[in-house]
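One structure below.
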Amino acid sequence: MAIQAPAARPANPRFSSGPCTKIPGFSLDMLSDAPLGRSHRAAIGKSKLKEAIETTREILGVPAEYRIGIVPASDTGAVEMALWSLLGARPATMVAWESFGAGWVTDVVKQLKIEAETKTAEYGEIVDFDTVDFNTDVVFTWNGTTSGVRVPNGDAIPADREGLTICDATSAAFAMELPWDKLDVTTFSWQKVLGGEGGHGVLILSPRAVERLESYAPAWPLPKIFRMTKGGKLIEGIFKGETINTPSMLCVEDYLVSLNWAKSVGGLKGLVARATANAKTIWDFCDAKPWIANLATDPATASTTSVCLKFTDERIKDGAVFAKAVAKRLETEGVALDVGAYRDAPAGLRIWCGSTVEQADVEALLPWIEYAFEAAIAAQA
Ligand SMILES: Cc1ncc(COP(=O)(O)O)c(C=O)c1O
């Protein structure tokens, strides 16, 4: 029997996990207020950067005493700025369960050569946070973008910890609740949940992180783009929009437009609800189909943004070849772009469900996944 292609297609096939799809209805005309060709140090530039910081604080509910800075080199820049500036004062614990967390382990253990305990889990699993010593500095990722496994909540992090918690929250911020009292350093980039642009990172520091910056000088040299202190004092300007080097005012405008859209859908609550509904649509599909499953083994840790799926049908001969064929067919049909699993992750699909994705598009995609799956099974024979 010939396999029938579904009748309807997603209106928007962009399910990439970064850069993620722009806000619904986006057009470049929305950026016409960008102060192009003006200095970012002029009043107009500074006011845009300050607005970006203040609106970030408002939507994410970041406490007033926490600093928020816009920094170079996207999320990676923000994380590495924190690692290079803060670590070394006490032992560290590196917690990793997928590729990006593993990258931070390399930074700390191989490059900085800091005394660190490394705790890892396989793709689909998570490290038991109850076994982590929070009197060390702990580095972890809130949502593992390449495995679709996230920290369920901050309950395991003690309020009276002696170490700092350094959290890469790039695929969580704006789609998941983050417990600010448990996080000393939080980073993200604009290109993820809000569908912004790459290149700029956001670094959020608790008062304890600032205290560390002001009381500890690492033994290694710090390049200018990592330096947050001068003469042992925090450079406060960085956290008011006086960026270390030149940002793209076009990207800043784009971020402001995204933040305004975020407010229009109900702020953080609305954003979280959108991502959760999108992910649940896929979870329900997996529950109903015996041939596909969430890579996350525990539903409590299943990501609501980067939903990673594996094919479980016994007829599949070569898992990697099979998953690639499915992803390719989805792309060729124009129903899902960039949904192959990350290069280091187990074979499968990764479907971004963050807040800029429309639930109707996820719903329209699912029959196509079944169609592409059946076609790939037939092609094997
Ligand atoms: C968890 C995580 N950390 C870090 C990064 C790197 O982000 P960027 O390319 O914005 O530096 C990504 C990008 O996908 C990510 O998912």
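Please specify each residue of the range 53-79 satisfying the condition of being surrounded by 20 or more Cβ atoms within 10 Å (Cβ to Cβ), part of a helix (DSSP H, G or I) and within 16 Å of the ligand (Cβ to nearest atom).
Result: T56, S74, D75, G77, A78, V79.
Inside the range 101-129, can you point out the residues that are more than 18 Å from P218 (Cα to Cα) and part of a strand (DSSP E or B)?
E117, T118, K119, T120
Can you run down the residue pairs with Cβ atoms below 7 Å, 6 or more apart or on separate chains, where the first is in the range 54-80 and among the small types (G, A, S) and the partner is assigned to a helix (DSSP H, G or I) and surrounded by 19 or more Cβ atoms within 10 Å (Cβ to Cβ)?
What qualifies is G61/L268; G69/I238; G69/F239.
Only one residue in I204, I225 is within 16 Å of the ligand (Cβ to nearest atom), among the aliphatic types (A, V, I, L, M) and surrounded by fewer than 22 Cβ atoms within 10 Å (Cβ to Cβ), so which one is that?
The conditions single out I225.
Check off (1) assigned by TED's automatic domain parsing to the domain that holds L194; (2) within 16 Å of the ligand (Cβ to nearest atom) for P19 and give me the number that stays unchecked.
So P19 meets the others, but not (1).
Suppose we filter K50, K110 for residues that are free of Cβ contacts under 8 Å to residues at least 60 places away in the same chain and basic (K, R); which single one remains?
Working: K50 fails: free of Cβ contacts under 8 Å to residues at least 60 places away in the same chain.
Exactly one of K50, K110 is free of Cβ contacts under 8 Å to residues at least 60 places away in the same chain and basic (K, R), namely K110.
Within the group E117, E125, E98, which residue is within 24 Å of R350 (Cβ to Cβ) and away from the ligand (no atom under 16 Å from the Cβ)?
On the way: E117 fails: within 24 Å of R350 (Cβ to Cβ); E98 fails: away from the ligand (no atom under 16 Å from the Cβ).
Residue meeting the stated conditions: E125.
Being within 13 Å of the ligand (Cβ to nearest atom) and of a type in the set (A, V, I, L, M, F, W, C): is that true of L83 here? Working first, answer last.
Details: within 13 Å of the ligand (Cβ to nearest atom): yes; of a type in the set (A, V, I, L, M, F, W, C): yes.
It is true that L83 is within 13 Å of the ligand (Cβ to nearest atom) and of a type in the set (A, V, I, L, M, F, W, C).
Return a yes/no flag: does the range 182-192 have any residue that is within 16 Å of the ligand (Cβ to nearest atom) and of a type in the set (K, R).
Initially, the range 182-192 is screened for residues within 16 Å of the ligand (Cβ to nearest atom), giving 183, 185-192.
Filter again for of a type in the set (K, R), leaving 192.
Checked the range 182-192: at least one residue is within 16 Å of the ligand (Cβ to nearest atom) and of a type in the set (K, R).
Can you tell me how many residues in the range 130-181 are assigned to a loop (DSSP other than H, G, I, E, B) and within 16 Å of the ligand (Cβ to nearest atom)? Before the answer, list the steps.
Initially, the range 130-181 is screened for residues assigned to a loop (DSSP other than H, G, I, E, B), giving 132-136, 142, 145-148, 151-164, 169-179.
Subsequent filtering for residues that are within 16 Å of the ligand (Cβ to nearest atom) retains 142, 145-148, 151, 169-176, 178.
Selection size over the range 130-181: 15.
Give me a count of the residues in the range 262-315 that are of a type outside the set (V, I, T) and part of a loop (DSSP other than H, G, I, E, B).
11
How about the range 13-54: which of its residues are among the hydrophobic types (A, V, I, L, M, F, W, C) and over 27 Å from A336 (Cα atoms)?
Within the range 13-54, the subset among the hydrophobic types (A, V, I, L, M, F, W, C) is 15, 20, 23, 26, 28, 30-31, 34, 36, 42-44, 49, 52-53.
Selection gives A34, L36, A42, A43, I44, L49, A52, I53.
Identify, from the list L222, L203, the residue that is assigned by TED's automatic domain parsing to the domain that holds R57, in contact (Cβ under 8 Å) with a residue 24 or more places away in the chain and outside any loop (DSSP other than H, G, I, E, B). So that I can check it myself, show each step before the final result.
Values: L222 fails: outside any loop (DSSP other than H, G, I, E, B).
None of the other options fit; the residue is L203.
The values are calculated or read from the model by the stated rules, or taken from the named source; none is laboratory data. Keep in mind it's a predicted model, so treat the numbers as computed, not measured. Neighbour counts run over all protein chains shown; Cβ positions are idealised from the backbone, glycine included.
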